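This report refers to the structure that appears directly beneath it.
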There are 4 protein chains.
Amino acid sequence: MANAIILVSCPDQKGITAEITNFIYRSNGNIEHADQHIDKETNTFFMRIEWSLDGFVLNRESISIEFSKVAKKFSMSWNLYFSDYTPNVAIFVSKHLHCLEDLLIRHKYQEFHCNIPLIISNHPCAQDIAKSFNIKFKEFYIDKSNKQIQEKNQLGLLQQEKIDLIVLARYTQIFTKSFVSHFPNKIINIHHSFLPAFPGKKPYHRAFDKGVKIIGATSHYVIEELDCGPIIEQNTVRTSHRDSLNDLIQKGKDLEKSVFNKAVKLHLQRKILVYNNKTVIFD
Amino acid sequence: MANAIILVSCPDQKGITAEITNFIYRSNGNIEHADQHIDKETNTFFMRIEWSLDGFVLNRESISIEFSKVAKKFSMSWNLYFSDYTPNVAIFVSKHLHCLEDLLIRHKYQEFHCNIPLIISNHPCAQDIAKSFNIKFKEFYIDKSNKQIQEKNQLGLLQQEKIDLIVLARYTQIFTKSFVSHFPNKIINIHHSFLPAFPGKKPYHRAFDKGVKIIGATSHYVIEELDCGPIIEQNTVRTSHRDSLNDLIQKGKDLEKSVFNKAVKLHLQRKILVYNNKTVIFD
Amino acid sequence: MANAIILVSCPDQKGITAEITNFIYRSNGNIEHADQHIDKETNTFFMRIEWSLDGFVLNRESISIEFSKVAKKFSMSWNLYFSDYTPNVAIFVSKHLHCLEDLLIRHKYQEFHCNIPLIISNHPCAQDIAKSFNIKFKEFYIDKSNKQIQEKNQLGLLQQEKIDLIVLARYTQIFTKSFVSHFPNKIINIHHSFLPAFPGKKPYHRAFDKGVKIIGATSHYVIEELDCGPIIEQNTVRTSHRDSLNDLIQKGKDLEKSVFNKAVKLHLQRKILVYNNKTVIFD
Amino acid sequence: MANAIILVSCPDQKGITAEITNFIYRSNGNIEHADQHIDKETNTFFMRIEWSLDGFVLNRESISIEFSKVAKKFSMSWNLYFSDYTPNVAIFVSKHLHCLEDLLIRHKYQEFHCNIPLIISNHPCAQDIAKSFNIKFKEFYIDKSNKQIQEKNQLGLLQQEKIDLIVLARYTQIFTKSFVSHFPNKIINIHHSFLPAFPGKKPYHRAFDKGVKIIGATSHYVIEELDCGPIIEQNTVRTSHRDSLNDLIQKGKDLEKSVFNKAVKLHLQRKILVYNNKTVIFD
């Protein structure tokens, strides 16, 4: 039996939690998870609430209609999800394939609740992996002259496959503002540094030259500005002078896989709320 | 202005959260934190809810009386706390003083919301530290023949100082069942291993002999069985063959301080619920 | 151009390092890595030294003959390796396949310097993975009545494939003393707990019941006593009351893969010395 | 009985290790620790070697004279230390006193092999702590008009107290180039971020605004450019949206203490070599 999940943010005031939990209780729902957070600086209320639809007296359309009345009263931004919907995810990748392959194997072991119908790349090298997992692979060669037209072609394909979420598994092309605007908080990137340190190109080389004693990886939603979107997950690992540049890259790969996988999982579990270019993670 | 905090556990059923949040909303309370957890194995509901008493129409006695009606309806175990009450903490210590001193310095920097009126030891060596922090120090020499009488004397002193919480900062004596029964889930110990590995004496020596690559520390509530109470917090740190036994002990000291301090803080913030000899931590 | 690597242990005395480094220098070797360790408790000297054979005047047999004279002088235990020899590794696995698959993918990405010619299992379920990586798969059904004969068959196969190292990627059978004696410090196991906590069966279940706040994984050499061999690598990850048993198992899988992979890599890089049922890791 | 320690760096070539170890062996020294590292990019050899002077036939002046012949042959940069010399450390501090107090308590527990004869501040607030530890406290009020003269006064005092190492325990003044040049690789700072992220002022505020999921601390040698010197030690800790700015600052304090303490200890143990604005840590 499916669950319903609502993510809410609104200006804080008295009675919000009571109103939401009553809404569920009145229609015979059993709350399985409820987590709220108040940002005192901005006086903002955040909530994630999940309840079983077993015995719930409202059907899915009615939930939306009825909850919109609650939402209006408190000027809420909100989203409603059902746990039995399986989102469609497209993976973008370039030449480094470790994050791609890690996602696909985890998907095979049913760690992610999603379909992966499509892999897009600006290089041919992921083709074999895509084939071995029976996933449609589409190469879009991109240079300065054709970026806009290729993005348009990509958008067409994404629409056709009803893609809900794009994940960038070490994809080296930078999207235009226009492309990003079609997927607000629906593109997850993995960057191979602990942002805001080392944004942009060759972060491991720069970390090596700097002589840092920790390296990191950051998974974030993509916004127009490069490597500046809301951070979902970060982690770090110790390095030493004994690590060559190649050692850093090797250590970093494991970190990238782990951070990226966690970020994608949190998104698919509807545990992320974005505000003020930051994230609230209901974990 | 103070907050009220209620910790609740009960068999799960529909409507509990709605009932609790309504109780608060009806009397004009503003919920500042609400966190719930359901243990699916035992079908148990847990909640920590904190609301501002600013404008709340019930006085403190009435809160207790009125909430007991809610509690009865759902067969709740529950505790009510007020954030402006300052608990009284007694520290027990033996010869290793680092955890004691760390607590006292953090207390000086106002990291803990408590009074520390009393330090008890079975050795005289903490006397100077106690004096430098202006805290009453009381030595109880203990051997096989006098343990029961000394515990009785200690209990008298603890009662006199209205002690709410006992923290064992590397205290080497084992309490009798009778003593423990006076402070259920109100005695916090720090043990210098990652329990259940190396319970009892000389855990660093045994970790060294075993050649482990991580050592740990565990803070837990004290129950009758030695080193078996509900675990509040644990952490580990890497070691290597280069670490001598003394290096292990030194690394371990920092770990003990950090784990112990976190456990005591969680207790004072009323963020711990105990059930089935395990803890739910509302962090 | 290859390197030579010597691992040495012996009673400590003056002049060992000078003698070894002179041995290399006299024959025109350039030391690339040298790391020594002295265990003060047992007064034991340990060294790993690696030098380039580029321009070295002794051939491989002569190195062995000449170094044995040095070794005799100091009563050394020692092993000589050449970096251009590629060891043969056999993987044993049962029903949980995540560690197996992780090893194979890392091997594909050339993280390990070894051949993997053989996968052995007591179940058929790893057959497809073996096939997809073009590795010989051999099933040995084992029950109480046939263990000795099956181990004999396995030994024959291992000999035939010239196996240097056995890695147990969640293999559930316990080897007999006789089998283990054929591969001293040449069988690496991954156990899904932070040993010495939770040896034996179902460690995640027991960790869950105990309510620990960290879980761990341990990779060790196999000796006759179950889960008691020299520990090579361990790591831990935080858990909380929110983690169900399945969450623990899922978190643990990532940990197992990471710890196991690191232990196997250290062995293949000839960075491990065993003494007193503990390991010296020259990392 | 004391040990001698030599730290060496030079262009790599054959025979360096043999020459150094022979130098020690010829005069009847027993090597207790030897660790070398070769940076392949710059073809640079680094070594830390420590031997017992028990029975060593050269006196201290002769060691220096004789080793300089070895050093000349290989164009070495080198430093010679004796373990029975106790370095003099001055602590600079401003208004945040947690790092200062942590150092002093660890010093009391004999974790550091040094004297601490002097605390310097641009504020009076550390005076009481200095007094309670019986350490000379000297306030130098600094504004734009008097910085040069005050630094000159400070230098006089440092000279008078024969200070070997300056540690900046959250000192907010920026030294002039001239001041720094008197203490090359002899001033250790603690910065409250994972550099190169958030150099300069208010790193916690900026980390909070950015919404990072990890915060860090960095201890480094001071060079002319602010927060750009060779990094000695870094560490990070997880944060979440639940952490207020004050929570970040609190978590960060523990991290600062731990990272700073480790860096100071490494320096006093003569385990740090600086090259190319990076550090080699012989741990």
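Just so it is clear, none of the values below were taken in a lab; they were calculated from the coordinates. Everything quoted here is computed from the prediction, not taken from an experiment. Heads up, the Cβs are rebuilt from the backbone with ideal geometry, glycines too, and the neighbour counts pull from every protein chain shown.
Miscellaneous remarks
- Shielding by other protein chains, B:33-42, mean Cβ within 10 Å: 5
- Across the identical copies, the 7 Å label point of A:Ser132, projected outward along Cα→Cβ, sits 0.7, 6.3, 6.3 nm from its counterparts, in ascending order.
- Set of lysines with alpha-carbon distance to B:Lys72 below 23 Å, sequence-local pairs under 8 removed: B:Lys14, B:Lys40, B:Lys271
- Charge dipole of the range B:88-281 about the Cα centre (unit charges at C-beta), most positive-ward option of B:Tyr204, B:Ile174, B:Ser240: B:Ser240
- Environment charge at B:Phe137 (Cβ cut-off 12 Å; Lys +1, Arg +1, Asp -1, Glu -1): +1
- MRE, 222 nm, helices only [DSSP H, n ≥ 4, -39500 (n - 2.57), over chain D, to nearest 500]: -10000 deg cm²/dmol
- Residue order, fewest to most surrounding Cβ atoms within 10 angstrom, among C:Val274, D:Val8: C:Val274, D:Val8
- Placing +1 on each Lys and Arg Cβ and -1 on each Asp and Glu Cβ, with no other charges, gives the range B:42-113 a dipole about its Cα centre of roughly 300 debye.
- Loop sites in the range B:1-89: trypsin sites (Lys or Arg not before Pro), DSSP, at most 10 other Cβ within 10 Å: B:Lys40
- Over chain B, relative contact order from alpha-carbon pairs under 8 Å, at least 6 apart, %: 15
- Cα gyration tensor shape for the range A:1-103, rounded if a/c is under 1.5, else prolate or oblate: oblate
- Backbone amide hydrogens, once placed in the peptide plane, bring D:Ile231 within less than 5 Å of D:Thr279, excluding anything fewer than 5 places away on its chain.
- Cα pair distances exceeding 56 angstrom across the protein assembly as shown, given as percent: 20
- Antiparallel beta bridges, as assigned by DSSP with both residues in chain A, represent about 70 percent of the total such bridges.
- Cβ-based net charge around C:Gln159, under 15 Å, with every Lys or Arg adding one and every Asp or Glu removing one: +2
- FRET E, pair B:Ala2, D:Asn88, Förster distance 56 Å, beta-carbon r, rounded to 0.05: 0.65
- Neighbour count of at most 14 Cβ within 10 Å plus DSSP loop: longest GluC sites (Glu not before Pro)-free window in chain B: B:42-223
- Inter-centroid distance (Cα atoms) of the range B:106-133 relative to the range B:1-71, Å: 35
- Shielding by partners, peptide A:19-26 (average Cβ within 10 angstrom, other chains): 5
- For the range C:84-100, backbone phi angles converted through the Karplus equation (6.51, -1.76, 1.60; θ = phi - 60°) give residue-by-residue couplings of 9, 8, 9, x, 9, 10, 10, 9, 9, 8, 10, 9, 7, 9, 5, 5, 4 Hz, Gly and Pro being listed as x.
- Projecting 7 Å from Cα along the Cα-to-Cβ direction, the label point of A:Val57 sits 2.7, 9.8, 10.1 nm from its equivalents in the other copies, listed shortest first.
- Chain C residue nearest the axis that carries C onto D, by Cβ, with distance in whole Å, is C:Thr21, 3.
- Taking other C-beta atoms within 10 angstrom as a stand-in for reagent exposure, C:Cys114, D:Cys125 fall in the order D:Cys125, C:Cys114, fewest first.
- Rough spin-label spacing in nm, given labels placed 7 Å along Cα→Cβ, for A:Lys177 and C:Lys202: 6.1
- Helix B:245-268 axis, angle to chain B major axis (alpha carbon atoms, nearest 10°): 20
- Take each residue in D:207-220, count the other chain C-beta atoms within 10 Å of its C-beta, and the mean is 5.
- D:Ile129/C:Asn134 FRET efficiency (R0 60 Å; Cβ-Cβ; nearest 0.05): 0.30
- Computed over the alpha carbons of the range D:191-283, Rg followed by Dmax gives 13.7, 41 Å.
- FRET efficiency, B:Ser75 to A:Asn153 (Cβ-Cβ, R0 41 Å, nearest 0.05): 0.10
- For C:Glu161, the distances from its label point to the matching points in the remaining copies are 3.7, 6.6, 6.7 nm, ordered from shortest, with each point set 7 Å beyond Cα toward Cβ.
- Cross-link pairs beyond the 30 Å C-alpha cut-off, checked among A:Lys73/B:Lys278; C:Lys262/D:Lys73; A:Lys202/D:Lys213; A:Lys138/C:Lys136; B:Lys186/C:Lys251; D:Lys108/D:Lys210: A:Lys73/B:Lys278; C:Lys262/D:Lys73; A:Lys138/C:Lys136; B:Lys186/C:Lys251; D:Lys108/D:Lys210
- Cleavage-rule hits, chymotrypsin sites (Phe, Trp or Tyr not before Pro), the range C:121-216, DSSP coil, Cβ neighbours within 10 Å at most 12: C:Tyr141
- Sites matching trypsin sites (Lys or Arg not before Pro) across the range B:89-178 that sit in DSSP coil, with at most 14 neighbouring C-beta atoms within 10 Å: B:Lys95, B:Lys144, B:Lys162
- The aspartates and glutamates within cross-link reach of D:Lys257, meaning a Cα-to-Cα straight distance under 13 Å and a gap of 8 or more places when in the same chain, are B:Asp102, B:Asp254, D:Glu101, D:Asp102, D:Glu233.
- Gyration tensor (alpha-carbon) shape descriptor, the range C:88-281, a/c threshold 1.5: rounded
- For C:Phe23, net neighbour charge (Lys/Arg +1, Asp/Glu -1) across residues whose Cβ lies under 11 Å away: +1
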